[in-house]
Amino acid sequence: MTAQIIDGTAIAAAVRAEVAERVASFVASGHRAPHLSVVLVGDDPASHTYVGMKGEAAVEVGMTSDTLLMPATATFEEIMATVARLNADPNVSGILVQSPLPSGIDEPAVMSSIRVEKDVDGLTPASLGRLVQGEPVMVPCTPAGVQQMLVRSGFDPAGKNVVVVGRSMLVGKPVALLLGLRAAGANATVTIAHTGTRDLAAVTREAEILIVAAGRPNTVTADMIRPGAVVIDVGTNRVEAPERKSGFKLTGDVEFEAAKEVASAISPVPGGVGPMTIAMLLSNTLKAAEIQAGTA
Ligand code: NAP
């Protein structure tokens, strides 16, 4: 039987529509629209594209957004001063410092200076610490997106054996922590696998829900999947595709075509986790505004 496809594009659209509705009622009850401020340092074209997409997405759901452009020559002190000003500004709900910062800038120190209530990426040590403590304020966007894809597709992780392949601070660790929380949409028994895992296939075959965030195509092949498992593929890899005009295509970490004959449900790449990340950024920005308004 061919697996159900977990359509991240459709789920992300539903999340965005719900955020838009909640923003409208937040504004209707007398609050200023949530505001997202993005700090963009330097001229990296990819970063400019991502920041543009995030700003447009915020405006589409009724928020406001601005981008503080700083030259590649900006000093550490200047960037820290910008973040401090945004931290103190009551009109700014969420702050996002676009990574990577120019080389020579102490990026962890800049990120750490973002106030936890405004950290819409959810990746500062304070935000991750709150997640470890079981009292998250802002959950990192990609892990939050994975959780929403599962829950909204009817695959509640509660009580399930979840295996996460990957232990990065961006995806693997926080998604494992999130799904292991004693909370709705979580409460799973979670195993984290990585390059030090002795027999990866034996571990992944135990998974009722398998989340793959390794960053390498075909890390998980069909024979590594328990029949009937739910598979979420976070991987986003550019691989050569001479038949395409661009010369490349995006692929996940899972051998998709064969895996969909074994799994009961699977998320594709593209069109899976990717679209969820911006949707959850919007959700976090609304939450930030609600926290600051005292309505969360
Ligand atoms: P990362 O920092 O490179 O981490 C990869 C993790 O996977 C590491 O913990 C590594 O183990 C583990 N790993 C790699 N190969 C493995 C293998 N063969 N067996 C077992 N474990 C293996 O990557 P990341 O930032 O977490 O991102 C992972 C993927 O998700 C990338 O393709 C990235 O582009 C994608 N991504 C997508 C989104 C989205 O919005 N869709 C967002 C973020 C990331 P070690 O720790 O032992 O090295």
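The rows are residues; the columns are (1) more than 16 Å from the ligand (Cβ to nearest atom); (2) in a loop (DSSP other than H, G, I, E, B); (3) open to solvent by less than 60 Å² (accessible area, probe 1.4 Å).
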| residue | (1), (2), (3) |
| --- | --- |
| 122 | no, yes, yes |
| 163 | no, no, yes |
| 185 | yes, yes, yes |
| 198 | no, yes, no |
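Among the candidates 30, 52, which residue alone is more than 18 Å from the chain's Cα centre (by Cα), of a type outside the set (Asp, Glu) and over 30 Å from residue 227 (Cβ atoms)? Please lay out each step first, then the result.
On the way: 52 fails: more than 18 Å from the chain's Cα centre (by Cα).
Answer to the selection: 30.
Tally up the residues in the range 32-88 that are among the small types (Gly, Ala, Ser) and open to solvent by 70 Å² or more (accessible area, probe 1.4 Å), please.
Quick first cut of the range 32-88, residues among the small types (Gly, Ala, Ser) only: 33, 37, 42, 46-47, 52, 55, 57-58, 62, 65, 72, 74, 81, 84, 88.
Narrowing the set further to residues that are open to solvent by 70 Å² or more (accessible area, probe 1.4 Å) leaves 88.
Of the residues in that region, 1 qualify.
Under 7 Å between Cβ atoms, which residue pairs at least 6 apart in sequence (or on different chains) link something in the range 81-105 that is part of a helix (DSSP H, G or I) with a partner that is among the basic types (Lys, Arg) and open to solvent by 20 Å² or more (accessible area, probe 1.4 Å)?
Taking only residues 6 or more apart or on different chains, the pairs are 87/115.
Please enumerate the residues belonging to the range 138-147 that are touching a residue at least 40 places away in the same chain (Cβ under 8 Å) and open to solvent by less than 20 Å² (accessible area, probe 1.4 Å).
In the first step, residues of the range 138-147 are kept if they are touching a residue at least 40 places away in the same chain (Cβ under 8 Å); the result is 138-139, 141-142, 144-146.
Correct list: 138, 141, 144, 145, 146.
Give the residues of the range 242-296 that are within 16 Å of the ligand (Cβ to nearest atom), of a type in the set (D, E, K, R) and without any contact (Cβ under 8 Å) to a residue 60 or more places away in the chain, sorted by residue number. Write out each step before concluding.
Let us first name the residues in the range 242-296 that are within 16 Å of the ligand (Cβ to nearest atom), namely 248-256, 259, 266-284.
Restricting the remaining residues to those that are of a type in the set (D, E, K, R) gives 249, 253, 255.
Within the range 242-296, 249, 255 qualify.
Every residue in the range 6-58 that is of a type in the set (Asp, Glu) and part of a helix (DSSP H, G or I), please.
Looking only at the range 6-58, we keep the residues that are of a type in the set (Asp, Glu), and these are 7, 18, 21, 43-44, 56.
Answer for the range 6-58, where residues must be of a type in the set (Asp, Glu) and part of a helix (DSSP H, G or I): 18, 21, 56.
Just need a number here: residues in the range 219-239 that are touching a residue at least 60 places away in the same chain (Cβ under 8 Å) and either near the ligand (Cβ under 9 Å from one of its atoms) or surrounded by fewer than 19 Cβ atoms within 10 Å (Cβ to Cβ) (or both). Explain how you work it out, then say what you get.
Just the residues of the range 219-239 that are touching a residue at least 60 places away in the same chain (Cβ under 8 Å), to begin with: 230-232, 234.
Next, only the ones that are either near the ligand (Cβ under 9 Å from one of its atoms) or surrounded by fewer than 19 Cβ atoms within 10 Å (Cβ to Cβ) (or both) stay: 234.
Here the count works out to 1.
What residue, of 167, 115, 152, is within 22 Å of residue 12 (Cα to Cα), open to solvent by 60 Å² or more (accessible area, probe 1.4 Å) and touching a helix residue (DSSP H, G or I) at 6+ places or on another chain (Cβ under 6 Å)?
152
The values are calculated or read from the model by the stated rules, or taken from the named source; none is laboratory data. What you are looking at is a predicted structure, and each value in this text was computed from that prediction instead of being measured. Virtual Cβ from ideal backbone geometry, glycine too; neighbours counted across all protein chains shown. Each accessible area value is taken on the protein alone, full model and side chains, heavy atoms only, with ligands, DNA and RNA left out. Shrake-Rupley method; radii C 1.70, N 1.55, O 1.52, S 1.80 Å.
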